[in-house]
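Worksheet: one structure, shown below.
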Amino acid sequence: MAERTAVLGVGQTKYQTTRGDVSLPGLVREAAYRALEDAEVGWDDIDAVVVGKAPDFFEGVMQPELFLAEALGAVGKPLLRVHTAGSVGGSTAVVAASLVQAGIHRRVLTLGFEKQSESNATWALSLPQPFSVSINAGAGGYFSPIIRQYMARTNAPELIGCMVAFKDRQHALLNPYAHLQQKELTFDQVVESPMLWEPIRFSETCPSSDGACAIVLGDEAAGDASTKPVAWIHGAALRSEANNFPGRDEVNPQASRDCADDVFAQAGITDRRGEIDEVEMYVPFSWYEPMWLESLGFCEIGDGWKLVEEGATHLDGGDLPVNCSGGVLSSNPIGASGMIRFAEAALQVRGMAGDHQVDGARKAFGHAYGGGAQYYAMWIVGADKPTS
Amino acid sequence: MSTDPSVTPAALSGEVHLPEKLADVEPVRSVRTPIRLEYDFIPGAASSGYLNAFADRKILGQRSPVDGAVFVPPRGVDPRHGAATPDYVELPDTGHVGGFCVTRLPIPGRDDLEIPYVSAWIHLDGADIGFLGLVAGIDTSEVRMGMRVRAVWKPDDQLGRTAENILYWEPSGGPDIPVTAAGTNAWHAKQITESEEQAAGEGR
């Protein structure tokens, strides 16, 4: 049986367009210190460090985990880097958790980061292959055709995406760490914002953020010893698939479904919508909320947009609140974005999410995807220790 | 975790004191360092065959030895089965539009593209995956999934060993492929049709 594993502490930086006051090492150190403070442990208590970020050509620093080793207190300790594109923050947390679950380490610090102000993501995601046709404009250009397919399959009303975007920006106002704080934003402004990658509007896309997120994970004894509430891991799973093969379901990829089935089975959850109290889901483009609601089995295939329309995913009054933190649509330091989802899920079940807390949350779902919607990382955390 | 991001972690709250001789120096906040990298591109066996064929106005794919699925561009492997795909297949320059995007912002390195433009997954007749192409010769609002298209090539004297020989894809007329059998739906639609034909054959 795997060692029971808990989130002991979480640390985030305030997400914003430019953190010009800190270098990359300064940025990650800030998140790491906050996580250590929250976990009430010091550097000496950490046995290993697991780091994730977007591909190196974003900031143009090769293998930054090596140059960040000192800032992360990792000198002389095992230091591991995880690579799974946009899902990397989630995958990194799952890998870190596995080191505790396997009984290898007692406490592991895991951290994801991105300094988009020192990078050009659209350039990095539009790198042409030599002698091929270069017409793909960043991530939006890639995901727009998939969203169009979802709309065609489900006949979802045209403004569902705008509803998601408006909801997440309202949630962000309750999270002081969120990048976008658009107090004056109206739903009509979301609808009227310009089309970038039709059918994706400007307001339905994520911002470019600087930021880092860190989590301290501990074994059962460390979790039991904590003076603060901890978040127990009830399930953690990774899946991936190729991004182009005959018959690939791009809207609802098999790797996504398999990963969800695995993590819910580990957690012993059969009524997904009923038993999960909050979902932190990777939604960089608004339409991915209804798409993932279906793929993750929170509703029937074709019904995801109905949950959005009826307000089920709102913190205020919804039975399945999604992205109470404001989500990726409100903060996107790419390499950290997946880990933020995992960390925010943990904060919810610890009762430490502040103004965006779901009252009485006992189980929460953290989710990340990346690449051509081909890499998946998920975990379920609970306020109670898992029984098995 | 502190719910207040403005609170500096205690360990970082100490003051930084500069040496006296640096006291009046303007702090450097960032440095811009443009870099460039030049490299030789060696495309590998499958891509070499594909790129060389373009010089003769031909589009080559590769066939899976497992179930006959045709991949374009060829990568030398069927990723579903981990099987090598040594056999090339010549494909026509006609097909249909699968998923597509109407892009309304410029992209790096393509100043020549007029905005808005349509990038689409082109599913060639006889191929079982799509590849990216530009769709033009039609108003962007008229493009649809399942629309039949054909390649518009550069003049013969400008052809090179590159996929850029195809300037864009234009509507070729004829009835659309139904959305349920277009793009990434095509493979499953074909399996169903084949099993129905097989069932009909067995019935005879």
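Where a number appears in this text, it was derived from the coordinates with a stated rule and is not lab data. Being a predicted model, the structure only gives us computed values, none of them experimental. Cβ placement follows ideal geometry from the backbone for every residue including glycine, while neighbour counts extend to all protein chains displayed.
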If you put +1 on each Lys and Arg Cβ and -1 on each Asp and Glu Cβ, how big is the dipole of the protein assembly as shown around its Cα centre, in Debye rounded to 20?
-> 580
Among rounded, prolate and oblate, which fits region B:44-91 when a ≥ b ≥ c are the square roots of the eigenvalues of its C-alpha gyration tensor, a/c under 1.5 means rounded, and a/b larger than b/c means prolate?
-> prolate
Cross-link reach list, lysines versus A:Lys385, counting only Cα pairs under 21 Å and skipping chain neighbours closer than eight places = A:Lys228, A:Lys363
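Express in nm, to one decimal, how much length is gained between B:Val152 and B:Val31 on full extension, taking 0.36 nm for each residue of separation and deducting their alpha carbon distance. Please report the intermediate quantities before stating the final value.
Details: separation 121, 0.36 × 121 = 43.56 nm, distance 4.52 nm.
Extra length from B:Val152 to B:Val31 when fully extended: 39.0 nm.
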Could you give the nm distance between label points at B:Thr193 and B:Ser48, where each point is 7 Å from its Cα heading toward the beta carbon?
-> 3.6
Lys and Arg at +1, Asp and Glu at -1: neighbours of A:Leu174 with Cβ under 10 Å from its Cβ sum to -2
Return the distance in nm (one decimal) between the two label points of a simple spin-label model at B:Glu114 and B:Leu18, each offset 7 Å from Cα along Cα→Cβ.
-> 5.4
For A:Glu59, what is the net charge nearby, where nearby means another residue's Cβ is under 11 Å from its Cβ and Lys, Arg count +1, Asp, Glu -1?
-> -2
Three-way shape call for region B:93-204 based on the alpha-carbon gyration tensor, with the a/c threshold at 1.5 = prolate
If you take the square roots of the eigenvalues of the alpha-carbon gyration tensor of region A:223-330 and sort them as a ≥ b ≥ c, do you get rounded (a/c under 1.5), prolate (a/b over b/c) or oblate?
-> oblate
Express in whole angstrom the spacing between the alpha-carbon centres of region A:1-72 and region A:314-335.
-> 22
Leaving out same-chain residues fewer than 8 places away, which lysines sit with a Cα under 16 Å from that of A:Lys53?
-> A:Lys115
Find the centroid of the Cα atoms in region A:256-313 and in region A:96-135, then give the distance between the two in whole Å.
-> 24
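Could you work out the mean count of beta carbons from other protein chains within 10 Å of each residue's beta carbon in B:75-86?
For this peptide, the per-residue mean of nearby foreign Cβ atoms is 2.
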Note down the net charge around A:Ala361, summing +1 for each Lys or Arg and -1 for each Asp or Glu among other residues with Cβ under 10 Å from its Cβ.
-> 0
Residue farthest toward the positive end of the dipole of chain A, with Cβ of Lys/Arg at +1 and Asp/Glu at -1: which of A:Leu180, A:Ser209, A:Val190?
-> A:Ser209
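Roughly how crowded by other chains is peptide A:138-149, in terms of the mean Cβ count from those chains within 10 Å of each of its Cβ atoms?
5
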With r defined as the distance between the Cβ atoms of A:Gln254 and A:His83 and R0 fixed at 25 Å, what FRET efficiency is calculated, to the nearest 0.05?
-> 0.70
How many nm separate the modelled label positions at A:Asp316 and B:Val7, each set 7 Å beyond the Cα in the direction of the Cβ?
-> 2.7
When all Cα-Cα pair distances of the protein assembly as shown are considered, the percent exceeding 30 Å is 54
